[in-house]
1. Which Cα, out of A:Leu117, A:Val163, A:Gly197, lies furthest along the positive dipole direction of chain A (beta carbon charges, K/R +1, D/E -1)?
2. In terms of modelled amide H atoms, which long-range or inter-chain residues lie less than 5 Å from the amide H of B:Leu64?
3. Efficiency by 1/(1 + (r/R0)^6): what FRET value for B:Leu4 and A:Arg94, r their Cβ-Cβ distance, R0 = 35 Å, to the nearest 0.05?
4. Return the equivalent ellipsoid semi-axes of the stretch A:178-269 as a descending list in whole Å, where each equals the square root of 5 times an eigenvalue of the C-alpha gyration tensor.
5. Where both residues lie in chain A, what percent of DSSP beta bridges are antiparallel, nearest 5?
6. How high is the FRET efficiency from A:Ala51 to A:His234, r the C-beta distance, R0 51 Å, rounded to 0.05?
7. Nearest 500 deg cm²/dmol is fine: what mean residue ellipticity at 222 nm does the protein assembly as shown get from its DSSP H runs of n ≥ 4 alone, each adding -39,500 (n - 2.57), divided by its residue count?
8. With a 1.4 Å probe and all protein chains left in place, how much of the accessible area of the stretch B:10-79 comes from carbon and sulfur atoms, in whole percent?
Amino acid sequence: MAFTDEQLERYSRHIILKEIGVKGQKKLLAGKVLIIGAGGLGAPAAMYLAAAGVGTIGIADADKVDLSNLQRQVIHTTNDIGKRKVESAAETMRAINPDITVNTYYDFVNSSNIMDLIADYDFILDGTDNFPAKFLINDACVMAGKPFSHAGIIRFKGQLTTVIPGEGPCYRCIFKNPPPKDAVPTCKQAGVIGAMGGVIGSLQAMEAVKYLTGVGELLSGYLLTYDALKMEFHKVKLPPRGDGCAVCSDHPTITELIDYEQAACDMKQ
Amino acid sequence: MADLDFTVDETIDITSVTCPVTFVKTKVALDEMDEGQVLQVHLNDGEPRQNVPRSIADEGHEVLRLDDNGDGTYELYIRKVGD
């Protein structure tokens, strides 16, 4: 595939980079990333991946744009209130870069649809806001052998890690089970500073770009935490993938996907 | 044209574009060539002459020579290094 003059100009700042170059940009254009959640994390990630020319981007979310989303979900605008988030997100992404294909999935991910959803993608980005979804994404990606970026944000804190199934530890290696319902506040109850999604979601996009191009070292085997109030980043080394994990060890005890119950206050009205 | 002790395999003209597309076009042309082949680049004096040879050398390619055409343009000869 040869670049058009327009593509050369659009991606010139990538092509100039020694580590990316022509080959790296072609890998991005051939790359397929699925973003689950078009919210605080998914919004900046989707915009950067679209701008970067990731050729196929899927975006899954069952919500509609709400006024209270706009403080952080920068892919949506005031005019989008009431629209499906996936449609609003896709419009912004196509406006940024008409070069790419955006697939929208107006659906909650659950144990019956997630394997089909992730099957066509090279890398998955978890931009969800609840533990049942995070464990489901982890388990599905481990079972399907799909690398993914996990992230979570709350108040002034954020964290992320990258999971390469079969190589590094998975989310369940760190956190064995979801916390009891209501033991941990959601960001709806606890609040979250708007730019946190920008920081952590952009780091997730960076991991996706690095995975697709094969450049640099991924955050596999580490948890990166960010405390905005203290202005501290910590890169915490995780124990290696071991025998103990219920899903990613060589003898897993979890072999089927689980739909954990959501805290009642988070359910759709 | 000056006497060259090598054969030119490909030629591009980047006088109609500005920085950084000058370098991008040169990089793309080299990407499509084989290791050891020589690219001749027709470029303007000023920013292109200052930046393109240096950037190409930073990428690990061999800048063979840069000839002044005497009309505000130059001929740059690059041997591709690596695949």
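The values are calculated or read from the model by the stated rules, or taken from the named source; none is laboratory data. If you're wondering where the values come from, they're calculated on a predicted model, not measured in any experiment. Please note: Cβ atoms are built from the backbone with ideal geometry, for glycine as well, and neighbour counts cover all protein chains shown. With ligands, DNA and RNA removed, areas are computed over all heavy atoms of the protein, side chains included. Shrake-Rupley method; radii C 1.70, N 1.55, O 1.52, S 1.80 Å.
1. A:Gly197
2. For B:Leu64, whose amide H was placed from the backbone, the distant partners under 5 Å are B:Tyr77, B:Ile78, B:Arg79.
3. For R0 = 35 Å, the calculated efficiency reads 0.10.
4. Computed over the stretch A:178-269, the values are 25, 25, 14 Å.
5. 50 percent
6. On the way: r = 29 Å, r/R0 = 0.57.
So the FRET efficiency works out to roughly 0.95.
7. Rounded to the nearest 500, it is -9500 deg cm²/dmol.
8. 38 percent
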